[in-house]
Amino acid sequence: HRVRKLGSSVSLETAFRWNLDRDAMADLKIKTYYTFAKFPNPMIVEIFAREKGIDLFAIEKQVDAPGLENRNAEHLARNPAGQLPYLELEDGTVIAETISICEWLEEVTPEPALIGSTPEKRAVARMWQRRMEEHFVYPTFYSVRFWTASDDCTGPL
């Protein structure tokens, strides 16, 4: 399986419906994209990939995170942190961490430039990414993650 880059003739609307012209896509040499659809971090990667015109669904492997599949020996051998999402390239390289995956996708498919086309634009994009992560994503994540440990929690999420 190989993920490919959408050709410029494919509209964004078409890309979102995943009616992809596979012949118009260039090889990115990703073997497998490991993910769990209900987690927020994979959504970041998937939206970023869509904006780049990249079809990750073609090589996607849904991992049973609630069943701790991502913590079994097979997954931990590839990705010792056990986090999702992560990419496994054809040469065996594993790229984990949402922002690292997005940065790699930006490097291998520079157009359209989503992180910025100049050092200044890239610095500003990374500044805003960090601010959003620190002041929005982390507080939201931790409020949900630790809600069940609070005294006012009376039932499951």
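Amide H contacts of PHE36: VAL63, each under 5 Å away and 5 or more positions distant or on a separate chain (H built 1.01 Å from N in the peptide plane; Pro and chain starts excluded). Under a 5 Å amide H cut-off, with hydrogens placed 1.01 Å from N, GLU60 pairs with TYR33 among residues at least 5 apart or on other chains.
Bear in mind these aren't lab numbers, they're just calculated from the coordinates by the rules spelled out. Here the structure is a predicted model, which is why all the values come from computation and not from measurement.
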